[in-house]
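Below you'll find the structure, written out as structure tokens, and then a few comments.
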Amino acid sequence: MGRKRILCRERVRRVPRQFSWVDHRLVRDGHISRCGAEALALYLFLITVSDAEGLSYYSDAAAGRLLNMEETVLASARRELCKAGLIAYRHPLYQVLSLDDPYAGLPAPARPSPCRSSGEAISIGEVLRQAAGGAL
């Protein structure tokens, strides 16, 4: 492999002072391979507009308009990101989550869902799966 050289010296990328940069672990740890293009577009949007704690109040209508995404596609992308553990969502608030997983090593049923609001009803099947430690 040849020596790397800067192609455009006046545009060398620097990590900005604000909190909108992409963590390389997104690729290195395989998070990116678990999501489709629409979900990754939403993730890029959210890491760009979120504050230092990863929080964003962008409405679905605004995000959909800016991403050129229909409401159903946006909702599906959001569910995909939640399932991948990359964001948490409780209407109207998004939170981009740290890629450090505090639940690593725990079975999936023992992990709290990042997209479920507290007090929201869950199915009896889910309650039984959690009680059985995911064995059902």
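Residues ASP51, ASP60, ASP100, ranked from the fewest to the most other C-beta atoms within 10 Å, line up as ASP100, ASP51, ASP60. The order of THR48, THR72, going from fewest to most other C-beta atoms within 10 Å of their C-beta, is THR72, THR48.
Net length available on complete extension from ASP23 to HIS91 is 22.0 nm, with 0.36 nm assigned per residue and the Cα-Cα distance removed.
Based on the Cβ-Cβ distance of ARG5 and SER33, what FRET efficiency does E = 1/(1 + (r/R0)^6) give at R0 = 30 Å, to the nearest 0.05? Using R0 = 30 Å, I get an efficiency of 0.50. LEU74: net charge of surrounding residues, Cβ under 12 Å, Lys/Arg +1, Asp/Glu -1, itself excluded? With Lys, Arg at +1 and Asp, Glu at -1, the neighbours total -2. Fewest-first ordering of ARG5, ARG79 by other beta carbons within 10 Å of each residue's beta carbon gives ARG5, ARG79.
Values in this text are rule-based calculations from the coordinates and carry no lab data. Just so we're clear, the structure is a prediction, and the values are computed from it rather than from any experiment. So basically every Cβ, Gly included, is an ideal-geometry build from the backbone, and we count neighbours across all protein chains shown.
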